[in-house]
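Single-structure report; data block below.
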Amino acid sequence: MKHFFKSTSKFLVATTLIMSLSTSSLMAEVKDKFQVSWTIYVGWMPWDYAQQKGIVDKWAKKYDIEIDLIQVNDYIESINQYSAGKFDGCLMTNMDALTIPAAGGVDSTAVIMGDFSNGNDGILLKDKKSLADIKGQKVNLVELSVSHYLLARALESVNMSEKDITVVNTSDADMVSAWSSDEVTAMTTWNPQLSEITANNTNANLVYDSSKIPGEIIDMLVINTETLKDNPKLAKALTGAWFEVMALMKKGDEKALTFMAEASGTDLAGYKSQLDSTMMFYDASDAVKFADSPDLPETMKKVSEFSFDHGILGEGAPNAEFIGMEFPGGKTFGDTKNTKLRFTDTYVKMAAEGKL
Amino acid sequence: MKRFMNLRPSRGATLFLGLLPFIIVAVFYLVASDMRLTENPNDKLLPSMASFSEAIDRMAFTPSKRTGEILFIGDTVSSLERLGLGVLISAVLAMLIGIPLGFIPFLRAGLSPFVAAFSMVPPMAVLPILFIVFGMGELAKVALIVIGVTPLLVRDMQQRVSEIPVEQLIKAQTLGGSSWTIVMRVVLPQVFPRLLDAVRITLGTAWIFLISAEAIAATEGLGYRIFLVRRYMSMDVILPYVAWITFLAFLFDFMLKKLTYKLFPWYTAGKEGS
């Protein structure tokens, strides 16, 4: 029996040690190997191309580091893993950056705002043609996502609120098959599902889309602020690689575009039509302009208020200003003592000035 | 020399040993949670006990800001309705299909291979078809449970019926019983407690299908809530919900066991403690 207790206590000590080791790896330090997670989405396919074609490696080598871009199948899982400290960076939207890592106390910095949705997210009604007809319907959407935000903004535009409809939480993977069900009469979703449904169903009417709220759904590269502070090389290498691919896309390089199209499960024409509803910042100077514009703090204020109203700003958030945000040029929003989300133009500026 | 295998723990020791794994897990959790929280007080992965109690208070005792209802109660009620209905329909179908299959050779020859093959279709893989057939409302969720659970119960029922000793059936026939009376007087009383046993075993499967159904499209339910807050990693809500589901499943199992023993005292003979 004594032996049993002895070995058990040894086991306990060993496991505790291992656990403390694994958590201490969360603490930032100067390091030379990094992992960034990404998921399939029209505006993020350039990352896949950059990784597969060795562009990321080339830039990483220039700064004497190693970067791995890891594709995660589930978008939310990717962000959750980043928030838990498994990845140094992650691709996500502005709203998810606020409500998942920032609300979870992980200080994050948006290094590149690569594009914003300009029609990639939309509201569909079955057989009805105007947004006002949505009243009283059940709306299938991924609850608490940018779709939910888009719906809230759409309802605002016709003087309705969420009380006038019922939201049905539906997984993004099931949207296309859900549309064929008789009970589904209204839906909010994003591409590629959105174009898949409108292309194959004559009863699907697009009554509102994100082009009506340009610049409010932003897709961006987010890096853990502490990691970034100790390793600015990571952001420099990634920014360099990103704009190298952007230059190719701007030229309309068919090979690169076809590669991205196939990797996202469509063809060149399909990918191009998705790009049409995405406002990509091909030039670094446009990305700088977007990051510095006074609209960004305004947008984030709206997003923060929406998130607070829906209780996704985290525990104990007494108001929408609970999480502080920092913008280029010293602008801030909310509680500066609890700044958890930062937008920076440092690296896109360097790219614009050719200093990378 | 006394062998280790022959030592029996006392009552107190049994209780202690039974609790020990729970205590160890709890201690591990507290240590790991504490370590993560000292690094980042807002960490969501392993919440502290205080944030659990806050979350429970918010979910179970405070009306929701959006609807004015108590979310936890609403979730539990709608999940239990779906589960109860799904399991009940499955059990009735199992009796209606399983007993004839086991009892009538002609039916068995015709349907048994089909049922066996059908039971192997993973319902989750053909979800898009189920959407179109059953829609996306309450019916679809109950249907998913029924489709997942019924084939298992049917096959078990068929097996149990064919295990009834031939002597009994012959004796009943010499006493003048028709096929119908034999089903009602000999077969049914014997397989009914076995059906309850089979239901107990398939309850776990039923829960899996319930949670999956609620993850796909729902406005409330225990599985719905978990998949909703998973979006922003609210482990402080998810873990109490998981504990509650585990407790409910345990309670169901326990009550079914007691019910079986109460209704069929003969069935329990020699089966104590299973």
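Structure notes:
- Matching strands (runs of 3 or more DSSP E) fully within region A:167-276 where at least 2 residues are at pLDDT 95 or above and away from chain B (no Cβ under 14 Å): A:204-209, A:218-224
Residues checked against (1) more than 14 Å from every other protein chain (Cβ to nearest Cβ); (2) within 23 Å of the chain's Cα centre (by Cα):
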| residue | (1), (2) |
| --- | --- |
| B:178 | yes, no |
| B:186 | yes, no |
| B:198 | yes, yes |
| B:208 | yes, yes |
| B:212 | no, yes |
| B:219 | no, yes |
| B:227 | no, yes |
| B:232 | no, no |
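- Of the helices (runs of 4 or more DSSP H) lying entirely inside region B:139-229, the ones with 3 or more residues being aliphatic (A, V, I, L, M) and in contact with a helix residue (DSSP H, G or I) (Cβ under 8 Å, 6 or more places away or on another chain) are found at B:188-216, B:222-229.
- Residue check, residue B:73 away from chain A (no Cβ under 12 Å), of a type outside the set (Asp, Glu) and surrounded by 15 or more Cβ atoms within 10 Å (Cβ to Cβ): no
- Test result for residue B:225, out of contact with any Gly (no Cβ under 9 Å at 6 or more places or on another chain) and surrounded by 21 or more Cβ atoms within 10 Å (Cβ to Cβ): yes
- Where helices (runs of 4 or more DSSP H) fall wholly inside region A:54-157, the ranges with 2 or more residues that are touching a residue at least 12 places away in the same chain (Cβ under 8 Å) and within 14 Å of chain B (Cβ to nearest Cβ) are A:75-83, A:94-97, A:146-157.
- Spans of helices (runs of 4 or more DSSP H) in region B:16-135 with at least 3 residues hydroxyl-bearing (Ser, Thr, Tyr) and in contact (Cβ under 8 Å) with a residue 12 or more places away in the chain: B:71-103
- Residue in region B:158-169 that is crowded, with 18+ Cβ neighbours inside 10 Å, over 15 Å from the mean Cα position of the chain (by Cα), more than 14 Å from chain A (Cβ to nearest Cβ) and polar (S, T, N, Q) present: yes
- Filtered residues of region B:29-50 (kept if farther than 11 Å from residue B:239 by Cα and facing chain A (nearest Cβ under 8 Å)): B:31, B:32, B:35, B:36, B:39, B:40, B:41, B:42, B:43, B:44
The values are calculated or read from the model by the stated rules, or taken from the named source; none is laboratory data. On a predicted model such as this, the values are computed, not experimentally measured, just so you know. Positions of Cβ are backbone-derived with ideal geometry, glycine not excepted, and every protein chain shown enters the neighbour counts.
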